[in-house]
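Okay, structure first, notes after.
Please treat every number below as a calculation from the coordinates, not as lab data. Remember, predicted model here, so these are calculated numbers, not experimental data. In this analysis, Cβ positions are derived from the backbone assuming ideal geometry, glycine residues included, and neighbour counts consider all displayed protein chains.
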Amino acid sequence: MTAVRQLKWLIPTLLGILYFGLAPALSQLDYGFMPKGGKSLLLEVLGSPLDEKELRKVIEARRSEAEWRETLAARAKTLSEREQRTLAAYLAFNMPMQDPKGTAEKAGKPAELYAALPRDGRELAWNECQICHSLFTSHLTQDRGVQAWLNMFQSPFHRGIKMTAQEREEFARYSAINMPMKIDDVPRDLRF
Ligand code: HEC
């Protein structure tokens with residue numbers, strides 16, 4: 001076999017090793033290392049099994065952040081100060097829940113109803129920002145306020161991101177409260 005022919009095999013083999021070795025390692029990562037978003041925190045506060053009536057009350061309520069904090073104060077004691085702020089911001093901004101497709105109305109089980117709730121900042125960042133670049137430099141290590149996060153969506157390369165105005169606002173609020181993260185808290189594989 002000539003050197004050229006050997007090379008012909010070498011490259012696909014190396015790519016194969018890279019793909020089957022590295023890809024599963026990366027895909028096993030999830031957003032568990034990131035500070036929890038409002039949707040996850042709500043589940044923690046309501047506890048399981050989920051009470052459908054109670055969840056419907058939350059979905060239909062209109063309260064300010066301060067009012068949500070007051071309402072949940074007794075039950076949110078196990079949450080840190082930052083988590084309480086994250087949860088209150090999520091609820092104040094996303095509730096009463098808009099349900100144009102009637103998903104929440106049709107939901108049969110409490111778990112289905114919960115699933116219909118709007119995605120929180122952590123879910124949005126994990127799913128919507130890594131398509132084009134790493135999350136580490138664009139989000140996890142950025143120190144910005146709500147308005148600066150909203151401005152980010154105005155740059156030419158971000159205008160096309162498929163996130164509704166409400167999702168952008170939720171993302172901005174979550175990020176202003178919870179970012180930047182400590183580098184040591186970010187998995188090594190994501191520090192690029
Ligand atoms: C459609 C592709 C795309 C998506 C999706 C995307 N970005 Fe970007 N982003 C870019 C490009 C292109 C740049 C500029 C080049 C670079 O720095 O890589 C950039 C740069 C940035 C920068 C540095 C410049 C600036 O605007 O301040 C930040 C911060 C950033 N992105 C945050 C985010 C966040 C947060 C999300 C998710 C909500 C996101 N990006 C989703 C394409 C994208």
Below 8 Å between Cα atoms, with a sequence gap of 6+, how large is the relative contact order for region 31-190 in percent?
30
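Cut-off is 10 Å between beta-carbons; in what order do 33, 93, 192, 171 appear when sorted fewest neighbours first?
Listing 33, 93, 192, 171 from fewest to most nearby Cβ atoms yields 192, 33, 93, 171.
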Please find the FRET efficiency linking residue 159 to residue 185, where r is the Cβ-Cβ separation and R0 is fixed at 30 Å, and quote it to the nearest 0.05.
0.45
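Full extension from residue 132 to residue 64: what is 0.36 nm times the residue separation minus their Cα-Cα distance, to one decimal in nm?
Here the answer is 21.0 nm.
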For 139, 158, which order do you get if you count the other beta carbons within 10 Å of each Cβ and list the fewest first?
158, 139
Assertion target for 114, 174, ordered by fewest C-beta neighbours within 10 angstrom first, is 114, 174
Given charges of +1 on the Cβ of Lys and Arg and -1 on the Cβ of Asp and Glu, with all other atoms neutral, how large is the dipole of the chain about its Cα centre, in debye to the nearest 20?
440
In region 31-190, lysine pairs closer than 23 Å at Cα, eight or more apart or cross-chain:
22
